[in-house]
Each structure stands twice: as C-alpha cells, then as structure tokens.
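Asks: Next up is a structure, given as structure tokens.
The values are calculated or read from the model by the stated rules, or taken from the named source; none is laboratory data. Just so it is clear, the model here is predicted, and its values are computed rather than measured. Counting neighbours? That spans all protein chains shown, and the Cβs are built from the backbone with ideal geometry, glycine included.
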Amino acid sequence: MPVLRDGITASAIVTSFDEVVGLGTVDVDGVMLGFHCVAIADGSRVIDVGAAVRVTLGRRFGALEALSVATQD
C-alpha cells in the first residue's frame, strides 16, 4: 500500500465518474480516492472512466482526495 499524503502527485486511473452528480473516484496504486468535477484540470467537468490521469492529492473536509485530475496525453 503506497504512502499517500497532501501534495503528492501520482499516476492514477479513473474508476468511476457520475456526470450528473459531478463526483468520481480514481485508483492510485490500489487506493481509491474521490474527486469532484471541478478538480478536472481542463475545465470540462467531465472525464472518461478508464482514463489514465495525473492527480495531485490534498485534504478537503478532512478527507484525502484528488484535488487536481489531469489526463495523460
């Protein structure tokens, strides 16, 4: 299990995304973390499940989550 903490940038895979609600999850080396659509770096507020991404982690409301989600081109 990786050591994840605020400020780390890591590779991840989008495992779920609900476009209506605007919430999703990413898998960072087996650890599932949530994200909100405003974290999607290109401003589109949508992302495909299965997309390879780079995430920057941080805390929001006390929970570790992906605060930035950018697709890897």
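Asks: Is it fair to say V14 is in contact with a Phe, Trp or Tyr (Cβ under 7 Å, 6 or more places away or on another chain), among the β-branched types (V, I, T), part of a strand (DSSP E or B) and modelled with pLDDT of 95 or more?
Replies: Against the criterion (in contact with a Phe, Trp or Tyr (Cβ under 7 Å, 6 or more places away or on another chain), among the β-branched types (V, I, T), part of a strand (DSSP E or B) and modelled with pLDDT of 95 or more), V14 does not qualify.
Asks: Out of all the residues in region 29-50, which are touching a strand residue (DSSP E or B) at 6+ places or on another chain (Cβ under 8 Å), outside any strand (DSSP E or B) and surrounded by fewer than 16 Cβ atoms within 10 Å (Cβ to Cβ)?
Replies: D29, A41, D42, V46, D48, V49, G50
Asks: I've got another one for you. List pairs: first in region 1-26 and farther than 16 Å from A63 by Cα and without any contact (Cβ under 8 Å) to a residue 12 or more places away in the chain, second loosely packed, with under 11 Cβ neighbours inside 10 Å and of a type in the set (S, T, Y), Cβ under 6 Å, 6+ apart or cross-chain?
Replies: none
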